[in-house]
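Below you'll find the structure, written out as structure tokens, and then a few comments.
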Amino acid sequence: MLRNQSDHLKPAAIWAPLIIRVVLGIIFMAHGAQKLFGAFDGGGISGTAGFLGDLGLQPASFWAWVVALVEFFGGLAVFIGLLTGVAALLLVANMIVAMAAVHWSQGFFAAQGGFEFPLALAAMALSLVFSGPGVLSVDRYIRWRF
């Protein structure tokens, strides 16, 4: 009897969320570290607050802390697979606001400051909401499902 092609792919497919989690987590932790700590030539909280204030998001300091914490700790949570669904949803919301407030007016392509990159990040995070954290996640071992 011939095996169904989807049966053949199942062993590999269970690893896909892990790959997405690791890459997405690293990206968000790095961007969050820029905003939170000023790492990697980032502006820190004051620079982030100034940027958000220029966009009209008030109170800018409050939103700077929210964005920085969501990106850094949401990225960390996704990376280790802890409360993956909740963290991924927060990251999706963060990217939707970034697309609307910053990138949409620049068009699609990232090279021109467009929404291409935050859209890809939002899609990756949303895929984790639907798929779950996959193998080798804290959620899997403590049996939390969000």
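Quick check: anything in segment 3-15 within 24 Å of V129 (Cα to Cα), of a type in the set (A, V, I, L, M), more than 11 Å from the chain's Cα centre (by Cα) and modelled with pLDDT of 95 or more? No, that holds for no residue. Of the candidates W15, W63, the single residue that is surrounded by fewer than 17 Cβ atoms within 10 Å (Cβ to Cβ) and out of contact with any Ser or Thr (no Cβ under 6 Å at 6 or more places or on another chain) is W15. Determine whether G53 is in a helix (DSSP H, G or I) and farther than 24 Å from L136 by Cα. Yes, satisfied. Scanning segment 14-50 for residues that are aromatic (F, W, Y) and not in a helix (DSSP H, G or I) yields W15, F40.
Out of everything in segment 98-119 that is among the aromatic types (F, W, Y) and assigned to a loop (DSSP other than H, G, I, E, B), what residue ends up being nearest to A88 (Cα to Cα)?
Filtering segment 98-119 down to residues among the aromatic types (F, W, Y) leaves 104, 108-109, 115, 117.
Among the residues that remain, those that are also assigned to a loop (DSSP other than H, G, I, E, B) are: 108-109, 115.
Working: F108: 23, F109: 23, F115: 18 Å.
Ranking the qualifying residues of segment 98-119, first place goes to F115.
The values are calculated or read from the model by the stated rules, or taken from the named source; none is laboratory data. Everything quoted here is computed from the prediction, not taken from an experiment. In this analysis, Cβ positions are derived from the backbone assuming ideal geometry, glycine residues included, and neighbour counts consider all displayed protein chains.
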